[in-house]
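Let me begin by presenting the structure, written as structure tokens, before commenting on it.
The values are calculated or read from the model by the stated rules, or taken from the named source; none is laboratory data. Source: prediction; values computed, not measured. Backbone-built Cβ (ideal geometry, glycine too); neighbour counts: all protein chains shown. Each accessible area value is taken on the protein alone, full model and side chains, heavy atoms only, with ligands, DNA and RNA left out. Shrake-Rupley method; radii C 1.70, N 1.55, O 1.52, S 1.80 Å.
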Amino acid sequence: MRWPDGFIWGSGASSTQSEGAAPASDWRDWERAGHAPLSGDGNGFAARYAEDFKLLAGLGLRHHRLSIDWARVEPEPGRHDPAAIAHYRDVLAAALAAGVEPWVCLHHFTLPRWFAAGGGFLTDSNRLNAWARHVEFIAETFGDLVRGWQPVNETNYYAFAAYLGLGWPPGHSDFAECVQVSQAMQLATAEAAVRLKQTGAPVASIFGLSDIQAMDDAPETSRLAALLNDLNWRAGLDLFRDGILRVPGLDLVERPDLAGSFDLIGFSFYSTMGVRRGFRVPYPPDAPVSPLGYGIWADGLGRVLDRLHQMLPGTPLLVAEYGIGTSDDTERAAYLERGLQVTNDAIGRGIDVRGLFHWTAVDNYEWLHGFDIQFGIIDRDRHLRPSARILQREAAAAAQPEP
């Protein structure tokens with residue numbers, strides 16, 4: 001396959017998943033209360049980051065997105081931990097020394113205990129004050145070492161997981177709270193993007209996007225499909241395109257200052273979502289299903305790219321997460337091969353795809369599933385899986401000059 005000059009080959013991870021839950025985080029409390037498996041030290045990244053970056057550089061994955069854990073750098077309101085700051089600066093410097101450009105995420109699902117106890121993103125003043133101060137602090141403290149930003153991971157998914165009964169802290173199941181947090185997260189990531197742009201490094205979103213397929217004509221199916229489209233697609237993308245945030249059940253928010261807040265529209269893709277009789281189901285109906293319950297169908301990635309291109313013509317796109325959780329690396333390799341072909345075909349159709357970040361590099365902690373789900377092209381003992389060679393091959397081909 002031929003790839004555009006400068007195509008970004010990357011991998012992604014998060015602090016909690018690779019370093020373990022921060023002692024001052026809401027997720028550490030969640031684990032101790034028995035609601036989630038213990039994360040321990042994750043996959044050991046906090047001690048092995050220099051080794052990991054050398055592995056990634058050797059594979060040609062010259063970009064890596066990590067998260068700087070808010071609960072580590074600010075364990076108490078207004079008190080920043082010098083040791084944590086020094087640690088993350090060392091991590092970023094080690095990436096650059098290995099030839100890997102670090103991209104930083106500021107919120108990947110977990111929060112400082114004190115912020116969560118004050119209502120988290122349910123409370124507007126928290127977003128406007130503590131969150132805004134945190135964004136400013138990260139930009140000032142680490143901006144010289146960061147080569148790209150992806151401010152908030154899967155803005156839409158967090159609201160579902162934490163406030164619609166999916167078992168994440170704070171463990172609520174309240175639709176009104178879910179839509180309120182959905183609105184807050186869209187504003188939080190766009191507001192952060194505006195500030196982080198001032199560092200001079202590119203800023204990408206991370207929307208969790210799935211093509212949504214209604215599989216019958218039942219009224220409840222139409223209602224759920226419309227709701228999922230509104231929350232997952234229209235909310236963040238309308239805000240980016242028009243400066244207007246529309247969240248079902250809430251008054252629209254006019255924020256023209258947030259239009260065009262990102263340099264790239266990035267998204268994660270894991271499945272196409274079917275809706276039947278008012279419930280989410282795997283799609284296509286005959287697709288094999290992954291251990292996480294996702295239909296394994298890489299072609300759905302092309303549908304997302306086509307829809308984004310239609311909605312936002314001319315906007316650069318970034319596949320910010322693509323991968324599969326499975327212990328079968330042959331299955332992973334096939335999924336990766338097809339996903340790369342789908343992406344390459346989209347580029348051939350004139351869609352401006354700037355890069356792809358594989359989720360993940362080294363097997364890590366998969367939230368409520370602990371260490372039972374493997375997303376890595378590298379195992380926790382740092383052995384390369386055969387699937388890693390697919391990315392290495394394509395990254396190497398992309399680095400060759402045109403004949």
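Listing for the model above:
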item	result
The chain - percent relative contact order, Cα under 8 Å, separation 6 or more	18 percent
Inter-probe distance in nm under a simple model that places probes 7 Å from Cα toward Cβ, at L384 and H35	4.1 nm
Cα-centre dipole for segment 92-167 with unit charges at Cβ (Lys and Arg positive, Asp and Glu negative), debye to 20	180 debye
Student exercise, segment 163-233 dipole from Lys, Arg, Asp, Glu Cβ charges, in Debye to nearest 20	480 debye
Heavy-atom surface of segment 207-267, accessible at 1.4 Å and reported per residue (Å²)	42 Å²
The chain: calculated mean residue ellipticity at 222 nm from DSSP helix runs of at least 4, using -39500 (n - 2.57)	-12000 deg cm²/dmol
Residue-count net charge about E101 - beta-carbon cut-off 12 Å; Lys, Arg +1, Asp, Glu -1	+3
Positive-end extreme of charge dipole, the chain - chosen from S18, G355, A190 (charges on Cβ)	G355
Local electrostatic count, N229, Cβ distance below 14 Å [Lys/Arg +1, Asp/Glu -1]	+3
Cβ-derived FRET efficiency at R0 56 Å, D299 paired with Q198, nearest 0.05	0.90
Environment charge at G370 (Cβ cut-off 14 Å; Lys +1, Arg +1, Asp -1, Glu -1)	-4
Normalised contact order of segment 1-62, rounded percent, pairs of Cα under 8 Å and 6 or more residues apart	37 percent
Debye, to nearest 20: dipole size of the chain, +1 on Lys, Arg Cβ, -1 on Asp, Glu Cβ	380 debye
